[in-house]
Amino acid sequence: MKPGYKRILLKLSGEALMGDQGFGIRPDILQYVAEEIRSIHDLGVEVAVVVGGGNIFRGIAASSYGMDRASADHMGMLATVINSLALQGTLEGRGLQTRVQSAISMHEVCEPFILRRAVRHLEKGRIVIFAAGTGSPYFTTDTAAVLRAQEIHAEILLKATKVNGVYDSDPEKNADAKLIRNLTYMEVLERQLHVMDMTAISLAMDNGLPLSVFDLLGKGNIARVVCGDESIGTLIR
């Protein structure tokens, strides 16, 4: 297979890492994700990753129970650091050089986010994991993924989820929900399709960043998307 992109950013949801156990990280899924990332790294693709923290703590959910939103979001950012370090350890166990860069300064644990250093890591073939979202409350990790993708000049943002694309309605509630293969960002906004939050979608649209939404647990899906297989998931551009 020949990759269609030189540099990509992969967005992983924290929920995907917990599988069906309801909380935390399932080691077998972490191993699986690492192998999927390795498959595209071996093709010569420069890979950056943003991991959510919903398997450990969701700031927006905690704020709905009366917790201060800024404090809750900072807790969510720390959850993404835990996931990022777990993924780093698993990737390095496979011989892949990996760096975690955090938007919140924690020098003993990982590097601070420095754009030029991140790009240099990518150019040297290292996998860069961006942790702690944007470093600011009120912004989701989806928005952080779009922001980092723009900053490093990624050619596409891959959003690996638990569903196999974008549907016209919730497939868990509507048995007749139809999978949509191609969308424009304006259609996503107008139809209020729940792909990402509106801030992330607007930022991607303003900067012309393509987005592919697909099922993380379909073995080989990441490599297929990177190699231009449009029969996988939904492409938004």
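Only the coordinates and a few stated rules stand behind these numbers; no lab work does. Keep in mind that what you see is a predicted model, and the values were worked out from it rather than measured. All Cβ positions, glycine included, derive from the backbone under ideal geometry; neighbour counts span all protein chains shown.
Local charge for Y138 was computed over the other residues whose Cβ lies under 10 Å away, with Lys and Arg +1 and Asp and Glu -1, and equals 0.
Residue separation of H153 and H194 scaled by 0.36 nm, minus their Cα-Cα distance, works out to 12.3 nm of gained length. Taking the Cα centre of the chain as the origin and placing charges on Cβ (Lys, Arg +1; Asp, Glu -1), which of L78, T199, G125 is farthest toward the positive end of the dipole? Comparing the listed Cα positions along the dipole, G125 ranks first.
Kirkwood analysis of the chain, using all unique Cα-Cα pairs, places the hydrodynamic radius at 17.8 Å. Extension gain for A70-R94 works out to 5.0 nm (0.36 nm per residue, less the C-alpha to C-alpha distance).
Of all the options R148, R120, R224, the one that moves most in a Gaussian network model of the chain with Cα springs shorter than 10 angstrom is R120. For M186 and K6, the difference between the fully extended length at 0.36 nm per residue and the C-alpha to C-alpha distance is 62.1 nm.
Taking other C-beta atoms within 10 Å as the exposure proxy, E190, E15 rank E190, E15 from fewest upward.
Got a sec? How would S212, S231, S202, S64 order by Cβ neighbour count within 10 Å, fewest to most? It would help to have the intermediate numbers written out before the result.
Values: S212 24, S231 7, S202 16, S64 11.
The order, fewest Cβ neighbours first, is S231, S64, S202, S212.
Per residue of the chain, the DSSP helices (runs of n ≥ 4 H) give a summed -39500 (n - 2.57) that works out to -11500 deg cm²/dmol at 222 nm. Extending 7 Å from Cα along the Cβ direction at L217 and again at D42 yields two label points whose distance is 2.4 nm.
Residue by residue, region 34-44 carries 3J(HN,Hα) couplings of 4, 5, 5, 5, 4, 4, 8, 4, 5, 7, x Hz when phi is fed to the Karplus relation 6.51 cos²θ - 1.76 cosθ + 1.60 (θ = phi - 60°); x denotes Gly or Pro.
Of the DSSP beta bridges with both residues in the chain, give the percent that are antiparallel, rounding to the nearest 5. Roughly 15 percent of the beta bridges in the chain run antiparallel, per DSSP. Rounded to the nearest 20, the size of the Cβ-charge dipole of region 171-237 about its Cα centre is 180 debye, with Lys and Arg at +1 and Asp and Glu at -1.
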